[in-house]
Structure formats: structure tokens, C-alpha cells
Amino acid sequence: MKKILIILTNTRYYGNSKDKTGLWLAEATEFVYKVQKYGYQVDYASVNGGEVPLDPRSLKNTYRSKEVNEIYYSNDFQNRALKHSLKVSDLDSQDYFAIYYTGGHGVLWDFPNQSALSSITNNIFKQSGFIMSICHGLAGLVTIKDDQGNYLINNKKITGFTNFEEILSGKLLKVPFLTENQAKKAGVKFVQKRPFASFAVQDGQFITGQNPMSGFAVADLLIKNSPKY
């Protein structure tokens, strides 16, 4: 059975500051909850492998549904995602029919311009697989180029964390770049709906979610359009 590869961050702080960031919990767990219920298997990976930090704010009850908690408290997620994530460069793209870039502000530092991420994403794309992201996870796609040197997401209808949402999050001065701006530089047709409301969009092999509330929506589009292995 081919699996879905979940990409997580290793970044614990906003740049050189002492302010903590990391994976936004619901962006991984809501998606995983849905696809596992459908019968798909997942692997968890990061650029460095090993430990994945959680953004402390994402642990607040406001952002914790029963589905989030079911995955979060499972031994599988605790061990394979948060303690012992796989190293991306060790993986074989042939094992996966889809790749999903999770968010949290940490990804802005360790997702862009990573050769291992670029290679496995391009290979999954060439295998007619699905390329997915949620929120800041789009930062993992904005620097990837195909074999012809064109941005992989060029001219695709894409969504991700918006400039306005970054302002509302209070982190505008802490981030190295704005996700929406970088996506537009890569030539995407950027689409969005109201801030912090669930929204996902599909354009061919690309499925993207706007913000932390969009994990279920991304999963639903994948399930609707992918084969049942």
C-alpha cells in the first residue's frame, strides 16, 4: 500500500529569538485523522529527522478538537511524529502517492530551499501523486522548481496563510517572509476566503489549505480525488 508523506518542522524558535514556535498541532492531526479513517497509512518526516517541536499556542483548548486529541495522544503520533520523525533524504518517493506539508511558523525557516524536499516532491509529482500543503506549509512549495527550472506551482490555483492573517496573528515582525508574497513571486494564482475560516482548493495534483482550520478540508479533497489503495 502506498502511503501519504507528512512533512513536519524541526524549528523550535522564531529565528534567533527565544520565542517558541514549531508544528501547529491541528494542521497535522486533523488531516491525519481523516485520511487514516479512510484507510490510508502515513509516514512522518522532517528535514533533519528526529524530534518535532509543537507550537505552544496550538496546544490551547481553543484549537483542540476530539479528533485532534485522538491523534495527538496516540502512541503512534507521539513516537513516529514528535519523537522519531524520519529524515526526508532517507526516503524513497516510490513509497508515496501524496505529500503533505504541515505548517506552524517554524516551517518558514526549514522548508524553503531544501534539496531533499524538492527532490521527493518533484518525484511524487512525476508519479502523478498529490502535492499538498496547509497554511505556512506552502513555504515548502514556493521554492521548488521542476526539471526545466520553472516553479512547480507556477500558474496553479493555490491558497495558504494570507498576509492579512499574518497581521492578525501578531507575528508579522517575527517572520522572515510572508507566505502569500512568496507564493505570488512563484507565479501562483493565489486565492483566499475570510481569515481563519476553513478553506481548501484543488488544481489538478495540487491541494492546498488556507489556514490552521483547513486540515479536514484538505483531507476531504484528497479522499474525493485519490485512489483507494
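The table for this structure:
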{"read-out": "Translational diffusion coefficient (Stokes-Einstein; Kirkwood radius from C-alpha pairs) of the chain at 10 °C, 1.306 mPa s, in µm²/s", "value": "93"}
{"read-out": "GluC sites (Glu not before Pro) restricted to the stretch 48-122 and DSSP loop, no more than 11 other C-beta within 10 Å", "value": "none"}
{"read-out": "Computed FRET value (nearest 0.05) for V191 with K87, which takes r as the C-beta separation and R₀ as 30 Å", "value": "0.35"}
{"read-out": "Chymotrypsin sites (Phe, Trp or Tyr not before Pro) lying in DSSP loop within the stretch 65-139, provided at most 15 other Cβ fall within 10 Å", "value": "Y73"}
{"read-out": "Amide H contacts under 5 Å for Y101, placed H, 5+ residues apart", "value": "I7, M132, S133, I134"}
{"read-out": "In sequence order, calculated HN-Hα J values of the stretch 41-48 (Karplus, 6.51, -1.76, 1.60; Hz; x Gly/Pro)", "value": "9, 10, 10, 10, 9, 9, 4, 8"}
{"read-out": "Long-range amide H partners of K145 with built H, under 5 Å", "value": "L152"}
{"read-out": "Mean accessible surface per residue for the chain, computed with a 1.4 Å probe while every protein chain stays in place, in Å²", "value": "43"}
{"read-out": "The chain, relative contact order in percent, only Cα pairs under 8 angstrom and at least six apart counted", "value": "22"}
{"read-out": "Local electrostatic count at I6 - Lys and Arg +1, Asp and Glu -1, tallied over other residues with Cβ under 11 Å", "value": "0"}
{"read-out": "Carbon/sulfur fraction of accessible area - the chain, other protein chains in place, 1.4 Å, %", "value": "46"}
{"read-out": "Cβ-derived FRET efficiency at R0 25 Å, D76 paired with S17, nearest 0.05", "value": "0.15"}
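The values are calculated or read from the model by the stated rules, or taken from the named source; none is laboratory data. Every value quoted in this text rests on a predicted model; they were computed, and no experiment measured them. Cβ atoms come from the backbone with ideal geometry, glycine included; neighbour counts cover every protein chain shown. The area values use the complete protein model at the heavy-atom level, side chains included, leaving out ligands, DNA and RNA. Shrake-Rupley method; radii C 1.70, N 1.55, O 1.52, S 1.80 Å.
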